[in-house]
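FYI, it's all coordinate maths here, none of it is from the lab. This is a predicted model, so every value here is computed, not measured. Reconstructed Cβ throughout: ideal geometry from the backbone, glycine too, with neighbour counts over all protein chains shown.
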Amino acid sequence: MKKVTIVFTISIIIAVLFILWGALAPNNLASVTGNIQTFLQTNFGWFYLLVASVILLLAIYLIFSKYGNIKLGRDDEKPEYDLISWFAMLFSAGMGIGIVFYGVAEPLQDYMAPPYGDPGTKQAANDAMRYSFLHWGLHPWGIYAVMALALAYFKFRKGAPGLISATFYPLLGDRVKGWIGNLIDIIAVFATIFGVATSLGLGAVQINGGLHFIFPTIPKTIVIQSIIIAIVTVLFILSSISGLGRGIKWLSNSNVIVAIILMLFLLFAGNTGFLLDYFTTTLGSYIQKLPEMSLNISPFDEQHSKWMQSWTLFYWAWWIAWAPFVGTFIARVSRGRTIREFIIGVLIVPTIFCTLWFSIFGGSGIYLERIMHVNLGDVINTKGIEVSLFAVLAHFPWSTFTSILAIILISTFFITSADSATFVLGMQTTNGSLNPPNITKIVWGILVSAAALVLLWSGGLTALQTASIIAAFPFAFILIFMMFSLIKSFKEEIKIRKRIERKTKQVQ
Amino acid sequence: MKLYQVRKGQFVYFNNELHKVYSVKPVYKQSIHLIKLKDLTQHLTTASKIELYKPKQLDSFIFNHKAYTLHQDKKAGEGDYILITNPSPDYLDHYSLHEIEIVSSVETKGVITTKFNGVKHSEYLLMVPGRENGSHPIDFLDKNITDSGLTSNDSDQPAKSTQGEMPNIGDVYKKRGGNHSIEAMVVAINGETVFLGNNLELSLNELNDSERWEFQYSLLED
């Protein structure tokens, strides 16, 4: 394998060591990572909050700044995809295991264990959805937008390879090709592995939860989850080596359609008016309270402080860990857009979709719980939050059918995101090649699945969250420097442009 | 053909000439949207009026006024045209059947096209310029009904096709590729011949080839 780089070798070694650790000493892994997590959460909570908010502010600033006119491509280039297909692709970037897992679970959990006040109150219902909007709204898309902007700008305008380290050229110069560039890429790979492993773990747990909910004879155990991970891993590895690229493409497109159908089904089969009221009301209060929610770490309010550590920090870390992966995709489809168009699109389109999704899924859950007095809390407390979606679907018509549809949806999301993640990992570890050798894809496929497995083995859902929080920490620093790198490059570009304009005027 | 057999990208014969399906719109009466490979003009028709053809090794045809021969075993080089016959796009790729793309760089496993697609060597046929001896011309379904020959017809390009893209005195062009960049201004136009600064003399077609010369700005415009 001529293309294999030092980044590949080192990150493989780290990943294998980690998996061996989890396989041989799961308890030790759980306690050590648990300690690191507690340390990061209690001492660096402010850091995650500030990083996420500053990135979002930068994104919003770029929309209005003079840099907004810079094109992600040559100056005369037209956008590669028309607006409608671009929106559709941004849409699909926002879809995945995450929203299926948390769509019902998060608002319902927040309602029953709220950030402020007593559970099950009117305030809890309002806060629950508002915080779901916070976690799935502008912040994650701000992080992805800036990451994708850096990748697209340096790739399409400066001709750099699609590597995270390549975006550091203005700061580091040719050193990006040396050890420091390699270190940056290894940290990015590390974040991607655990960000994706967290999703795959959630997927496996939820498939198991769904099967158990529909067929109570199937137990909810780590063994079943391992079998699920094994089956899906074999499926996607087979598909990627047999050159079924077309099949995977078809699968991921049809998946998005199935997800939207499921969403529309809940919207119209449920109390449509209530759900849309809930969406609109929360949208207003979300916009109104955005700055406070983004930065409030509540040094004097233990309830909220604890709550925020277990939810907001986890999400911010998870999004940071996902950024290289989603960013690569968004960058790829945005060639030829101006920075202004790009950021408006990436911030607004998926945010509207995600908030709508949470209003419909979570709103249906809260409607059943609060207005119809269905005791969903009991079901979730006894069977785990992974069954939330199925517990809600059970109260709608054709529930067995829709539940099975949901399980298929998660399984196919699992396959498509594992497939795309192995591609991105393969690319990041072969110097940005768009044709990574199959063997690297297989190796990454197995390692990511194995990482998900040992995490589940060592501590279930908590361990998955822990992994994201830790893996994102070093990458957060990379994001900070990336912002400086971008601004520096933009400034130089404007300077050159002004010089040219002056010259042309002189000639006239 | 039947409508359900028609897919985007297929090579088909329509009015005896080679076309490519670029879109299938089943709700319309004229449901098949075609592009004629010879001159890239668009045509609408129905499924019953077209006939499928699968291009293969050593087939030759005219694409955008230039003749090409398909080769399976020759490796592509930078700037070559490829015809993607066996698409298997990865996560970040956006291409489908029979797309014609230009190679921007060659890797061991495949090529990268100018549209940032990673295409493996097994997925495409190389389009070698020129009609090779022993190649199988596929431009016409029935060669006997054709009135024009099968020669590569760079020259039969309508002479006025470049109108509207006429350069003006004062336009600055930049040469693409090459070792060092050349930027030059149009100083004189004599019929089909354009004179640029630095003693460059080009034909109109050459200057309008956006692959080679890129318009920068005009000194005479405000």
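Values for this structure:
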{"item": "Residue order, fewest to most surrounding Cβ atoms within 10 angstrom, among A:Val349, B:Val119, A:Val234", "result": "A:Val234, A:Val349, B:Val119"}
{"item": "Charge dipole (debye, nearest 20) of chain A; +1 at Cβ of Lys and Arg, -1 at Cβ of Asp and Glu", "result": "2180 debye"}
{"item": "Angle between chain A longest axis and helix A:6-24 axis [Cα atoms, degrees, rounded to 10]", "result": "20 degrees"}
{"item": "Size-normalised alpha-carbon gyration radius of the protein assembly as shown, reference 2.2 N^0.38 Å", "result": "1.05"}
{"item": "Anisotropy class of chain B from Cα gyration tensor, a/c 1.5 cut", "result": "prolate"}
{"item": "Residue among B:Ser203, B:Ser96, B:Ser104 with the largest mean-square fluctuation in a Gaussian network model of chain B, springs linking Cα atoms under 10 Å", "result": "B:Ser203"}
{"item": "Likely footprinting exposure, A:Trp322, A:Trp86, fewest C-beta neighbours within 10 Å first", "result": "A:Trp86, A:Trp322"}
{"item": "Relative contact order of chain A, defined on C-alpha pairs under 8 angstrom at six or more residues apart (%)", "result": "36 percent"}
{"item": "Shape parameters for the stretch A:1-150, alpha-carbon atoms, Rg then Dmax in Å", "result": "21.1, 62"}
{"item": "Cα gyration tensor shape of the stretch A:277-322, rounded if a/c is under 1.5, else prolate or oblate by comparing a/b with b/c", "result": "oblate"}
{"item": "Leading residue at positive end of dipole, the stretch A:198-357 (Cβ point charges), from A:Leu238, A:Phe268, A:Val258", "result": "A:Leu238"}
{"item": "Rounded tilt (10° steps) of A:26-64 against the dominant C-alpha axis of chain A", "result": "60 degrees"}
{"item": "Kirkwood-based Rg to Rh ratio, the stretch A:55-135, C-alpha trace", "result": "1.18"}
{"item": "Student exercise, the stretch B:1-63 dipole from Lys, Arg, Asp, Glu Cβ charges, in Debye to nearest 20", "result": "240 debye"}
{"item": "Point-charge dipole on Cβ atoms (K/R +1, D/E -1) for the stretch A:108-238, about Cα centre, debye to 20", "result": "420 debye"}
{"item": "Within the stretch B:34-143, trypsin sites (Lys or Arg not before Pro) in DSSP loop having at most 11 other beta-carbon neighbours inside 10 Å", "result": "B:Lys75"}
{"item": "Cα convex hull of the stretch A:227-296, projected area averaged across orientations, nm²", "result": "8.6 nm²"}
{"item": "Kirkwood Rh (inverse of mean 1/r, distinct Cα pairs), the stretch B:82-137, angstrom", "result": "11.8 Å"}
{"item": "Quotient of Cα Rg and 2.2 N^0.38 Å for the stretch B:1-132, N being how many residues it contains", "result": "1.07"}
{"item": "Gap separating the Cα centres of the stretch B:15-48 and the stretch A:353-386, nearest whole Å", "result": "51 Å"}
{"item": "Global size of the stretch A:102-227 as Cα Rg and Dmax, reported in angstrom", "result": "21.2, 61"}
{"item": "Angle between chain A longest axis and helix A:399-428 axis [Cα atoms, degrees, rounded to 10]", "result": "30 degrees"}
{"item": "Whole-angstrom gap from the stretch A:323-349 to the stretch A:53-99, using each part's C-alpha centre", "result": "3 Å"}
{"item": "Diffusion constant of the stretch A:9-50 at 4 °C, which comes from Stokes-Einstein with the Kirkwood Cα-pair radius and 1.567 mPa s, µm²/s", "result": "110 µm²/s"}
{"item": "Whole-Å semi-axes of the stretch A:350-508's equivalent ellipsoid (Cα gyration tensor)", "result": "45, 25, 17"}
{"item": "Computed over the stretch A:176-237, Cα set: Rg, Dmax in Å", "result": "17.0, 56"}
{"item": "Lys/Arg +1, Asp/Glu -1 at C-beta; the stretch B:1-107 dipole; positive extreme among B:Val103, B:Pro87, B:Gln30", "result": "B:Gln30"}
{"item": "Between the stretch A:210-254 and the stretch A:103-154, the alpha-carbon center distance in angstrom", "result": "28 Å"}
{"item": "Summed residue charge, Cβ within 15 Å of A:Val176's Cβ, Lys/Arg positive, Asp/Glu negative", "result": "+3"}
{"item": "Under DSSP loop assignment and at most 13 Cβ neighbours within 10 Å, longest GluC sites (Glu not before Pro)-free interval of chain B", "result": "B:79-164"}
{"item": "Selected from A:Tyr169, A:Pro119, A:Leu453, residue furthest toward positive end of dipole (chain A; charges at beta carbon)", "result": "A:Tyr169"}
